[in-house]
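Below: one structure, written as structure tokens.
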Amino acid sequence: MKRIGFLSFGHWTPSPHSEVRTASDALLQSIDLAVAAEELGADGAYFRVHHFARQLGSPFPLLAAVGARTKKIEIGTAVIDMRYENPMYMVEDAGAADIIAGGRLQLGISRGSPEQVIDGWRYFGYVPAEGETHAEMARRHAEVFLEVLKGKGFAQRIPARYRRSTRRASPAPW
């Protein structure tokens, strides 16, 4: 065996018999689990992203916290459903988490899986384009994410003549 890690869904339940009763418990215990796994010699700590359930749903704050508390364990997701993601925000959030983790972030992405609700991505503001399936929308989001992640530019800078100067006040061009 070359490498070993763990996958956590981050389930919680308000049951009095549970050690993980709240989202806060799930997040903080996930951080502690990754730290303990690294101390024991594990190579990876991965977290499943699942919306509309009592599970981990927002990976990047968790991954950044795990990255800040660990030194060498690989951290990542298994998996992020791209139907729910804004690829531009995701690049920024993933980039910040990776910087905090010192380059140890590994992301798993998908085009969808069984859900807790019907067309859940719609509640996040995403609708497939005309004639596009939800899986095709996820692929499109993934393609944009991967292109931007490679460093492909996607916006034009404001020309220097329109930028505000710190030396003198100038009226806005609009």
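Values quoted throughout were computed directly from the atomic coordinates according to the rules given, and no laboratory measurement underlies them. Treat the numbers as computed from the prediction; the structure is a model and nothing was measured. Here the Cβ is made from the backbone with ideal geometry for all residues, glycine too, and neighbour counts use every protein chain on show.
General remarks:
- With 5 Å bins from 0: P(r) over the range 23-69, alpha-carbon pairs, percent: 5, 22, 34, 23, 11, 4, 1
- Placing unit charges on the Cβ atoms of the charged side chains and taking the dipole of the chain about its Cα centre, the candidate lying farthest along the positive direction among 145, 159, 31 is 159.
- In this structure the amide hydrogen of residue 45, modeled in the peptide plane, comes within under 5 Å of the amide hydrogens of 6, 74, 75, 76, none closer than 5 places in sequence on its chain.
- The gain in end-to-end length when the residue 133 to residue 36 segment is fully stretched comes to 30.7 nm, 0.36 nm per residue minus the alpha carbon separation.
- Our helix-only sum for the chain, with -39,500 (n - 2.57) per DSSP H run of n ≥ 4 divided by its residues, gives a mean residue ellipticity at 222 nm of -11000 deg cm²/dmol.
- Length gained when the stretch residue 119-residue 19 is fully extended (0.36 nm per residue, less Cα-Cα span): 32.8 nm
- Take each peptide in 76-86, 22-32, count the other Cβ atoms within 10 Å of every residue, and average; sorted highest first, the result is 76-86, 22-32.
- Using the Karplus relation 6.51 cos²θ - 1.76 cosθ + 1.60 with θ = phi - 60°, the per-residue 3J(HN,Hα) values for the range 50-56 come to 9, 8, 6, 8, 7, 8, 5 Hz, with x marking Gly and Pro.
- Shape parameters for the range 74-174, alpha-carbon atoms, Rg then Dmax in Å: 18.2, 57
- Long-range amide H partners of residue 110 with built H, under 5 Å: 80, 81, 82
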